[in-house]
Amino acid sequence: MKTVWVDANVLLRLFTGKPEDQALRAAALLGKASDGHLCLRISLITVAEMVWVLHRFYQVPVPKIAVTLSEFLCSDGVSVESRESVLEALSLMAREGVDFADALLAVQCHESNEPVASFDEDFKRLGVQRYPI
């Protein structure tokens, strides 16, 4: 099976339906993946970009972003880097009201049992051990 890395702009067309012609092409690409003809690879940075654009530009509520992306990332024919960490970070983002990047970093800190060096107070709420700076 052929693997294709997918840019955020393709996925954003899929989720927003705009512009319509590109959204249809993006849906066709997903259809090929669902049918087992392609594997769509999604990078961590692509997930972060999609979250940011959907929330900041399209004003999609964070809980809806978390649900929509989680469902998509678990779809047949879709492979995402560090899937379990990304899914946990999306859930944490929605539940705690933090940025996706901070949620992902918190998950990575927990998984590695290592502290974070940050001035961001959100990490206290996320239960991440802090490295004093």
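Some points to look at:
- Listed by first and then second residue, the pairs with beta-carbon distance under 6 Å, at least 6 apart or on different chains, first residue in region 1-23 and at positive phi, second assigned to a helix (DSSP H, G or I), are Gly17/Ala23.
- Here Tyr58 fulfils each of the conditions (1) touching a Leu at 6+ places or on another chain (Cβ under 9 Å); (2) closer than 19 Å to Ser79 by Cβ apart from (2).
- Residues that are among the aromatic types (Phe, Trp, Tyr) and assigned to a helix (DSSP H, G or I) were ranked within region 25-82; the one that is nearest to Ala94 (Cα to Cα) is Trp52.
- Condition check for Ser70: among the polar types (S, T, N, Q), surrounded by 15 or more Cβ atoms within 10 Å (Cβ to Cβ) and assigned by TED's automatic domain parsing to the domain that holds Leu30: yes
The values are calculated or read from the model by the stated rules, or taken from the named source; none is laboratory data. Because the structure is predicted, anything quoted here is derived from the model rather than measured. Note that each Cβ is placed from the backbone with ideal geometry, even for glycine, and that neighbours are counted across all protein chains shown.
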